[in-house]
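Visitor: One structure coming up, written as structure tokens, with questions to follow.
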Amino acid sequence: MEELLDILKDLHPDVDFEKEEHLVDDKILDSFDIISVISEIAEQFDVVISAEYILPEHFNSAKALYALIKQLEDED
């Protein structure tokens, strides 16, 4: 989880990603941020987030995103 928080904090150091649960809904993360996060996740966690998983509910919080990463790791 720390690696994911580091990725997110690099994009927006002023956001408390451990508490925020509406990153997409509140427009904290935009489409360019999401693409950057997906790329960093692929590099750090060696998982591919395909288009079918690029949904607001997966990116609204660090917890949801981390759960998605774990799910994708388990599928490998």
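The values are calculated or read from the model by the stated rules, or taken from the named source; none is laboratory data. Just so it is clear, the model here is predicted, and its values are computed rather than measured. All Cβ positions, glycine included, derive from the backbone under ideal geometry; neighbour counts span all protein chains shown.
Visitor: Looking at Leu55, is it under 17 Å from Glu75 (Cβ atoms), at pLDDT 95 or above and not aromatic (Phe, Trp, Tyr)?
Guide: Answer is yes for this residue.
Visitor: If you don't mind, there's one more thing I want to ask. Considering Ser50, Ser31, Ser39, which residue is among the hydroxyl-bearing types (Ser, Thr, Tyr) and over 24 Å from Glu75 (Cβ atoms)?
Guide: Going through Ser50, Ser31, Ser39 in turn, the sole match is Ser31.
Visitor: If you don't mind, there's one more thing I want to ask. Of the numbered conditions (1) over 8 Å from the mean Cα position of the chain (by Cα); (2) under 21 Å from Asp16 (Cα atoms), Ile34 satisfies every one except a single condition; which is it?
Guide: With respect to (1) over 8 Å from the mean Cα position of the chain (by Cα); (2) under 21 Å from Asp16 (Cα atoms), Ile34 is out only on (1).
Visitor: Please identify the pairs in which a residue from the range 48-64 that is within 10 Å of His22 (Cα to Cα) has its Cβ atom under 6 Å from the Cβ atom of a residue that is of a type in the set (Val, Ile, Thr), counting only partners at least 6 apart or on another chain.
Guide: Correct list of pairs: Pro56/Val24; Phe59/Val24; Phe59/Ile34; Asn60/Val24.
Visitor: Sort out which residues of the range 53-76 are surrounded by 12 or more Cβ atoms within 10 Å (Cβ to Cβ) and not in a helix (DSSP H, G or I), and write them in order of number.
Guide: Listed by number, the residues that qualify are Ile54, Leu55, Asn60, Ser61.
Visitor: Inside the range 39-52, can you point out the residues that are surrounded by 12 or more Cβ atoms within 10 Å (Cβ to Cβ) and either modelled with pLDDT under 95 or part of a helix (DSSP H, G or I) (or both)?
Guide: Ser39, Glu40, Ile41, Ala42, Gln44, Phe45 - these are the residues of the range 39-52 that are surrounded by 12 or more Cβ atoms within 10 Å (Cβ to Cβ) and either modelled with pLDDT under 95 or part of a helix (DSSP H, G or I) (or both).
Visitor: Tell me which residues, restricted to the range 6-23, are assigned to a loop (DSSP other than H, G, I, E, B) and within 26 Å of Asp76 (Cβ to Cβ).
Guide: Residues satisfying the conditions are Phe17, Leu23.
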